[in-house]
Each structure stands twice: as C-alpha cells, then as structure tokens.
Amino acid sequence: MKPYNIRLLPGDGIGPEIIAQARRVLDAVGERFGRTFFAEESLIGGAAIDATGDPLPQATIDACVGADAVLLGAVGGPKWDDDPTIRPERGLLGIRKAMGLFANVRPAKLFPQLRGACYLREDIVERGIDVMVVRELTGGIYFGEPRGESVEHGERVGYNTMVYRESEIRRIAEVAFTAARTRSGRVCSVDKANVLDVSRVWRDVVTETAKHYPDVELSHMYVDNAAMQLVRDPSQFDVIVTGNLFGDILSDEASVITGSIGMLPSASLGAEGPGLYEPIHGSAPDIAGQDMANPLATILSVAMMLRLTLGLTEEADAIEQAVSEVLTAGYRTGDIMEEGKTLVGCTEMGTHVVNAFLRAGA
Ligand code: NAD
C-alpha cells in the first residue's frame with residue numbers, strides 16, 4: 001500500500017503537545033489499517049523565528065508543498081509580540097499562500113456528550129449541531145483593489161473593494177458541493193444579493209455550478225438572516241458556502257456556539273496538492289507546557305485530513321468514533337470539564353483515544 005507523506009508543523013505554545021498526540025493517532029491508524037505514514041516535522045511561527053530568524057523558512061515551504069497533507073498545531077505567543085516586523089502569524093499566512101489554499105473548511109459539530117458546554121437553549125441543542133462552513137479565503141473585500149485611505153473635502157476616507165471573479169466563485173462552490181456529497185447533501189450559499197452587485201454575480205455562479213451536482217440541494221440566504229438562523233436553529237444547515245468576509249464572521253459564530261474551541265478541526269484546501277489541517281484554536285500560551293491542552297481538535301483534524309485529502313473514509317470514521325467513545329466514558333480535559341467527569345491531561349486524553357481506536361479494531 002502507498003505510504004503517505006504527512007508534514008507536521010507543531011509551531012508554538014501547546015502546538016508541540018497536541019501534535020504529539022495526533023502523531024500517536026496516525027501511528028494507531030497505521031497499526032489498525034495497515035497504512036504507512038511518514039510524519040516528519042518542520043519549523044513554523046515563533047519556533048522558526050528562534051531557530052532561523054524567519055517564521056516560514058524555505059525548507060518548510062518545500063517540505064509542505066511536496067507532502068501529501070500538512071498538519072499544523074498553532075503559532076504565536078507573547079514571546080514574539082514585541083517585534084511587529086517579524087510576526088509568527090506571517091508563517092501561517094505565508095504557508096497558506098505558498099500552498100495555493102483558497103478554501104477554508106470548518107465543521108462546527110457538537111458532540112452530544114458535550115451538550116452542557118453549548119451556549120444555546122436545550123431545545124435547540126436537542127436538534128443537533130453539525131454545520132460545515134466553507135469560506136473563500138483569498139478574494140473578496142480583504143484583497144480587492146482599489147483599497148486605501150485618502151482625504152476628500154477635508155475629511156479622511158477609508159475604502160475597500162469587494163470583488164469576486166466567476167472562476168473564484170466556481171471553485172469555492174465546487175469545494176462546498178463536493179463536501180456536501182460526503183454529508184447530508186445540502187448547500188446553503190450565503191450572500192447579500194439584495195444590496196451588493198458582487199453578491200448577485202456570486203449567486204448566479206453558485207446556481208450555475210449547482211447544475212453539475214444534481215444530487216446536492218442548493219438554497220440561498222442573505223448573510224444577516226444566516227447569522228440569525230445559526231443561533232435560532234443551526235440544525236437546518238449542512239454546508240454553508242460564502243465569501244471571505246461573511247465566512248470570517250459566520251465560521252467564528254458557528255464555532256463559538258458549540259462552546260468548546262478545543263474540539264474543532266479545520267482544513268484549508270487548494271485546487272490540487274496537499275491540504276493544510278489545523279485545530280481552530282491558537283497556541284494557548286497560558287497553559288502551554290503543562291500537559292493541560294485538549295488534543296481532540298487536532299486529532300479530529302487528522303480525521304478530516306484522512307477523509308478529505310487522502311480519501312481514507314473508514315479510517316477517518318474510526319478516529320471520530322474513538323473520540324466519541326472517550327467522551328462517553330467521561331474523560332475530559334480542563335476546557336470541557338464538567339462535574340462528575342474524569343479530568344485528564346493532554347497525553348492521557350491521547351492515550352484514551354488511541355486505546356479506544358485500537359480496541360475497536362481488535
Ligand atoms: P487561543 O485559542 O490560543 O486561547 C484562547 C483560550 O482558549 C485560552 O484560555 C486557552 O487556554 C484556551 N484554549 C485554546 N486551545 C485550547 C486547547 N486545545 N485546550 C484547552 N484550552 C485551550 O487564543 P488567544 O489566547 O487569543 O491566542 C494565543 C496565541 O495564539 C496568540 O499569539 C495568537 O496570535 C495565536 N493564535 C494562533 C492561531 C493559529 O495558529 N491558527 C489562531 C488563533 C490565535
């Protein structure tokens with residue numbers, strides 16, 4: 001069987017601790033399913049600044065571009081906050097650009113065992129939360145020209161341009177429709193077509209693209225309504241596809257309502273080549289080096305990587321099943337701890353997941 005070349009980027013803060021647990025899970029997948037993963041590490045972020053003076057060394061870019069998939073921990077921390085000219089975060093933005101990643105995919109799923117952490121009312125949570133937000137990452141108002149500041153009639157004016165080309169809309173819509181096929185088969189495209197011209201082009205192109213996916217149901221929603229509906233009844237959504245600005249806000253909203261950022265994975269994907277997978281949380285410097293971090297978002301990022309980039313669906317399902325079993329057994333890291341449950345550290349949580357995973361295959 002083909003060996004898979006996975007590039008690990010531990011980064012800063014809790015990054016190395018959570019990536020260590022992800023590596024153990026990859027090894028367990030190898031053991032249970034007879035797969036071979038070559039998982040080597042490269043420097044990024046503050047760790048790379050300390051070692052080389054550059055948050056994204058060329059060697060890291062080369063290793064990532066040449067890999068089958070990339071798994072990142074997190075970057076940043078107070079140690080590197082004083083020098084604005086060389087920020088760890090530049091490593092993250094740089095690697096996304098170098099790998100040509102244009103789609104950010106964030107599932108916000110609430111494990112029923114963690115209902116207590118959810119910010120929504122019990123009767124809403126009862127219906128379940130399993131939304132995937134597909135956000136366009138490289139276009140829209142964040143990059144549109146013209147942009148800038150000027151002075152007109154004696155007062156300052158700031159401006160940006162929201163612009164989308166057909167090709168940019170089509171490729172992100174394709175990511176959403178393809179993802180929907182592996183889920184409940186529904187895509188809701190979010191825009192502001194009642195006000196914005198750019199949104200009317202967005203809506204037309206998404207509708208045209210949908211014709212190639214007759215098995216997927218497409219609906220459209222204005223962004224203000226989508227923000228409201230996510231809180232009122234998230235169960236109505238399967239995949240949400242939207243532009244850069246709206247996606248930035250809605251993906252955070254979808255994540256935060258679940259109540260546990262330590263549980264949520266994400267992916268950034270390009271047209272071809274390796275995808276970049278990472279937990280949505282940061283480097284948590286307040287708990288770094290204390291074996292307190294929740295490794296489950298990173299472990300679930302491994303599952304996402306196996307499913308979306310390597311096509312190993314059965315293996316991905318098995319990882320998610322193992323995580324679910326460990327939660328059912330009552331093991332919790334500090335961030336998701338509730339009364340009556342068993343508090344464990346990062347390494348012990350990893351051990352429970354690996355054991356549950358291997359037990360199911362025995
Ligand atoms: P954060 O996500 O690192 O932490 C927010 C809070 O959540 C903290 O209290 C932290 O302890 C907790 N937390 C986060 N992940 C956790 C986990 N896995 N288990 C248990 N608790 C967890 O956000 P922040 O504090 O705003 O940022 C800290 C640093 O991380 C900053 O330097 C920031 O720039 C960076 N950051 C990096 C990324 C990334 O690498 N993608 C994303 C966000 C922030």
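Can you pull out the residues in the range 26-79 that are touching a residue at least 60 places away in the same chain (Cβ under 8 Å) and assigned to a strand (DSSP E or B)? Matches in the range 26-79: Ala69, Val70, Leu71, Leu72, Gly73, Ala74. In the range 194-205, the qualifying residues are those that are more than 17 Å from Ile249 (Cβ to Cβ) and in contact (Cβ under 8 Å) with a residue 12 or more places away in the chain, and the one that is surrounded by the most Cβ atoms within 10 Å (Cβ to Cβ) is Val205. If you go through the range 184-210 and keep only what is of a type in the set (Lys, Arg) and not in a helix (DSSP H, G or I), you end up with Arg186, Lys192.
The number of residues in the range 70-89 that are within 27 Å of Val256 (Cα to Cα) and more than 11 Å from the ligand (Cβ to nearest atom) comes to 2. Counting only residues that are near the ligand (Cβ under 10 Å from one of its atoms) and either closer than 14 Å to Glu278 by Cβ or not acidic (Asp, Glu) (or both), the range 1-17 holds 6 of them. Count of the range 328-352 residues, restricted to those that are open to solvent by 60 Å² or more (accessible area, probe 1.4 Å) and closer than 14 Å to Gln21 by Cα, is 2.
When residues in the range 112-138 are screened for being farther than 24 Å from Phe246 by Cα and open to solvent by 20 Å² or more (accessible area, probe 1.4 Å), 10 of them pass. Taken together, Ile240, Ile249 contain a single residue that is open to solvent by 20 Å² or more (accessible area, probe 1.4 Å) and either of a type in the set (A, V, I, L, M, F, W, C) or more than 12 Å from the ligand (Cβ to nearest atom) (or both), which is Ile249. Of the residues making up the range 1-20, those that are in a helix (DSSP H, G or I) and open to solvent by 10 Å² or more (accessible area, probe 1.4 Å) are Pro16, Glu17, Ala20.
Filtered by the rule that a residue be of a type outside the set (Ser, Thr, Tyr) and buried (at least 23 other Cβ atoms within 10 Å of the Cβ), the range 298-314 gives Ile299, Leu300, Val302, Ala303, Met304, Met305, Leu306. If we keep just the residues of the range 253-275 that are under 18 Å from Ala176 (Cβ atoms) and of a type outside the set (Gly, Ala, Ser), which is farthest from the ligand (Cβ to nearest atom)? Ranking the candidates gives Glu272 first. Would a scan of the range 312-328 turn up a residue that is among the charged types (D, E, K, R), over 20 Å from Leu114 (Cβ atoms) and either in contact with a Ser or Thr (Cβ under 8 Å, 6 or more places away or on another chain) or not in a helix (DSSP H, G or I) (or both)? Checked against the condition, which is being among the charged types (D, E, K, R), over 20 Å from Leu114 (Cβ atoms) and either in contact with a Ser or Thr (Cβ under 8 Å, 6 or more places away or on another chain) or not in a helix (DSSP H, G or I) (or both), the range 312-328 yields no hits at all. When Met162 is tested against (1) open to solvent by less than 30 Å² (accessible area, probe 1.4 Å); (2) more than 30 Å from Thr60 (Cα to Cα); (3) in a loop (DSSP other than H, G, I, E, B), only condition (1) is not met.
The values are calculated or read from the model by the stated rules, or taken from the named source; none is laboratory data. Because the structure is a prediction, the values reported are computed rather than measured. Ideal geometry is used to build each Cβ from the backbone, glycine not excepted, and the neighbour counts take in all protein chains shown. Accessible surface is based on the protein model in full, side chains and every heavy atom, while ligands, DNA and RNA are left aside. Shrake-Rupley method; radii C 1.70, N 1.55, O 1.52, S 1.80 Å.
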